[in-house]
Amino acid sequence: MTTLPASEPQPAQPRRGLNPWLVRIPILMFLSAMLFALTMTVLFVMYQVSMAGRIFPGVSAYGVSLGGMTQPEAETALAAAFTYDDEAVFTFRYEDRFWQLTAGDLGVSFDAAATAMAASTTSNGDGAADHLAQQLAAWFNGVTVQPVVNYDENIAREQLADIALEIGQPPQNATLTIDGMEVITTPAQPGITLDMDTALATLNAQITNLEPGGEIALSVIESEPERVDVESTAAYIRAAISSPVSLVTTDADGNLLGPWRISPEQIAAALTITETTTDAGAPAYDVSVNLDSFAASLAELAPGLIVPPKNGRFVFNDETGELQQLEPAVDGRTLNVAETIAQIEEAVFTVNARTVQLAYDYERPQYHNDITAAELGITEMVSSSRTFYSGSTAARRKNIEVGASFYNGVIIAPGENFSFNDLVGEISEDTGFVEGAIIFGGRTVKGIGGGVCQVSTTAYRAAFSGGYEIMERHSHGYRVGYYEQGGSGPGLDAAIYITDPGDRNPGADFKFANNTDYHLLIETEFMGDLDALEFRFYSTNPGHTVEISEPIVRNVTQPLQTVYEVNENLQPGQQLQVDWSQEGGDVIVTRIIRDDVGNILERRDYGTFYQPWAAVVQVAPGDSRAS
């Protein structure tokens, strides 16, 4: 056994039973822990120092690992990696048209700086422990940072607005035009407008999810035009120019005149189409026609269409005291150009009624068909006259009958003058007269109307005996035997004769005035079986009585020597007496008119000078008596 030197101290001897490692081990463990903590702290500090300004490992954004990068480096990497704005293409399609725009065109942009900043602050906790925990979580599990993508919808709306301009069209109203004789219509078209809200909603959903583009079907909103139908108006116009419009009328005798036609081309030129609005405010077309240009043509027709008012002719019924119609009255008419044009313009737009009666302004005659005797003051026969024509030729009898017809049923108003010539008018074959013997130039010759003086003489005697004022009267140049038949004396004849051989209207007239307050109705009657002509005057006697003296003949002269004339139609030995010898002389007839108490209102001598007259005998050519 080895002993230790004395000089060396000897350790104290522990107390038996206590193990010293029971104390040492905890101390060692504590010291080890402290050392580990210190080491880790040093390492953590060194790591934090090394990662200062850098993104911790495990952090990524948009598929890019950003661990260890500085924020600028991360921004650069992210900017390079983000291609959505250029590569995502959206196709907008409408029918067979399409428009392609990138996400960037539609307002999508990537904020790399904001995304990098978000990545760099991902592991920053509220404290060191939390900070470390987040770093460890990023290290082991990874952290994905949501990229900051901006989307400006206003830009997308502007892009879609440009597309809307290409797609959209306003509603097109139906149109109507006339090209010559062709009526042209275009149908209405609805307006279309891009449904912007629906398109944006679809786009927004895809961009929000960063979908890689695709096709977006565009929808539209339709708007109806205001003027949809013009076909009815077109049919209206086509009817107007489908065929001519004919103008017709009748003459005074009811005979058809015309037709005068307005052609479809003339109608088309007169049409006017104007835009207007309906009562509801919708646009429409108004079609009118103006045919005022035809006024001049109608005015040229107007004079030939005038019918003067014609008084009715009447006879007096002695039993009833009423007028009976002999000839109906005829309303006068003048062409109403304006009304005619208005009726033509109305007919233009009809299909079946394209014949127009000319329009007239009518004038009711003074003695219309409804006139009554009481209205006129006609109550009785106030005078009459009958003359005889025994021995007259057939031609003379015919002329007496024709001449008397012009006066039958005539009414003379109070204060109005009766004119024989005005009523008979032209004495010619056209008015019914025939050729016979007339007195012209102091001789009996052939002419139209011989015998008319029988009518004027009979009228004169009725007026004379009725007390009417004689305004104009011409006697014959010699005494005519016809007018002294039946017991009548000379001095009460009225001659009607032509003063100009080229004029068939008589120059010398017979006139009297109706100088009463009552209308005067004249009736004539040709009494062929009696060889007589009668005039009857109907009115109301104003209380007058008329006295007519017997004719006084003075200064009588003997007839002239017989005159012989050649008649080419006579054979030798034949002769024809056409005039008879008459004495000449001065004749006076006195008329006295008294009122209802016998006072004389008129006393007047009516004088007539007759020259002596020779008998006229026609003989065959070669007769020695003719000179």
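The values are calculated or read from the model by the stated rules, or taken from the named source; none is laboratory data. Keep in mind the model is a prediction, meaning the values are calculated, not measured. Please note: Cβ atoms are built from the backbone with ideal geometry, for glycine as well, and neighbour counts cover all protein chains shown. SASA here: full protein model, heavy atoms, side chains in, ligands and nucleic acids out. Shrake-Rupley method; radii C 1.70, N 1.55, O 1.52, S 1.80 Å.
Numbers at a glance
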read-out: Selection status of E375, under 46 Å from the mean Cα position of the chain (by Cα) and at negative phi; value: yes
read-out: Within segment 503-578, strands (runs of 3 or more DSSP E) holding 1 or more residues that are open to solvent by 20 Å² or more (accessible area, probe 1.4 Å), in contact with a strand residue (DSSP E or B) (Cβ under 9 Å, 6 or more places away or on another chain) and within 30 Å of F316 (Cβ to Cβ); value: 511-513, 520-527, 532-539, 545-548
read-out: Residue that is farthest from E231 (Cα to Cα) [pool: residues in segment 283-327 that are touching a residue at least 12 places away in the same chain (Cβ under 8 Å) and acidic (D, E)]; value: D318
read-out: Filter result (more than 29 Å from T186 (Cβ to Cβ) and open to solvent by 50 Å² or more (accessible area, probe 1.4 Å)) within segment 160-176; value: none
read-out: Test: V597 is open to solvent by 60 Å² or more (accessible area, probe 1.4 Å), over 60 Å from the mean Cα position of the chain (by Cα) and closer than 28 Å to Y468 by Cα; value: yes
read-out: Whichever residue in segment 231-272 is β-branched (V, I, T) and within 22 Å of the chain's Cα centre (by Cα) and, among such residues, is modelled with the lowest pLDDT; value: T233
read-out: Which numbered condition T340 fails, given (1) free of Cβ contacts under 8 Å to residues at least 24 places away in the same chain; (2) among the polar types (S, T, N, Q); (3) not in a loop (DSSP other than H, G, I, E, B); value: (1)
read-out: Criterion (farther than 20 Å from V382 by Cβ, open to solvent by 10 Å² or more (accessible area, probe 1.4 Å) and modelled with pLDDT of 95 or more) met by exactly one of E472, E484; value: E472
read-out: Test set (1) open to solvent by 30 Å² or more (accessible area, probe 1.4 Å); (2) β-branched (V, I, T); (3) in a loop (DSSP other than H, G, I, E, B) - I588 fails condition number; value: (3)
read-out: Enumeration of residues in segment 176-193 that are hydrophobic (A, V, I, L, M, F, W, C) and touching a residue at least 40 places away in the same chain (Cβ under 8 Å); value: L176, I178, M181, V183, A188
read-out: R461 in contact (Cβ under 8 Å) with a residue 60 or more places away in the chain, out of contact with any helix residue (DSSP H, G or I) (no Cβ under 6 Å at 6 or more places or on another chain) and basic (K, R); value: yes
read-out: Flag if T278 is under 13 Å from the mean Cα position of the chain (by Cα) and of a type in the set (S, T, N, Q); value: no
read-out: For A269: the one exception among (1) in a strand (DSSP E or B); (2) hydrophobic (A, V, I, L, M, F, W, C); (3) open to solvent by 20 Å² or more (accessible area, probe 1.4 Å); value: (1)
read-out: Near pairs, Cβ below 9 angstrom, 6+ apart or cross-chain, from segment 353-375 (over 17 Å from A338 (Cβ atoms) and open to solvent by 50 Å² or more (accessible area, probe 1.4 Å)) to any residue that is in a strand (DSSP E or B) and among the hydrophobic types (A, V, I, L, M, F, W, C); value: T355/V245; T355/L247; T355/V248; Q366/I411
read-out: Lone qualifier among T499, T458 - being at pLDDT 95 or above, hydroxyl-bearing (S, T, Y), within 30 Å of N311 (Cα to Cα) and out of contact with any Cys (no Cβ under 6 Å at 6 or more places or on another chain); value: T458
read-out: Any hit, segment 192-208, residues being part of a loop (DSSP other than H, G, I, E, B), open to solvent by 40 Å² or more (accessible area, probe 1.4 Å) and over 18 Å from R97 (Cα atoms); value: no
read-out: Residues (within 49 Å of the chain's Cα centre (by Cα) and surrounded by 15 or more Cβ atoms within 10 Å (Cβ to Cβ)) located in segment 409-431; value: G409, V410, I411, I412, P414, V424, E426, T431
read-out: Test result for P212, under 26 Å from Y62 (Cα atoms) and open to solvent by 50 Å² or more (accessible area, probe 1.4 Å); value: yes
read-out: Among the residues listed as A156, A235, A164, the single one being out of contact with any strand residue (DSSP E or B) (no Cβ under 7 Å at 6 or more places or on another chain) and free of Cβ contacts under 8 Å to residues at least 40 places away in the same chain; value: A235
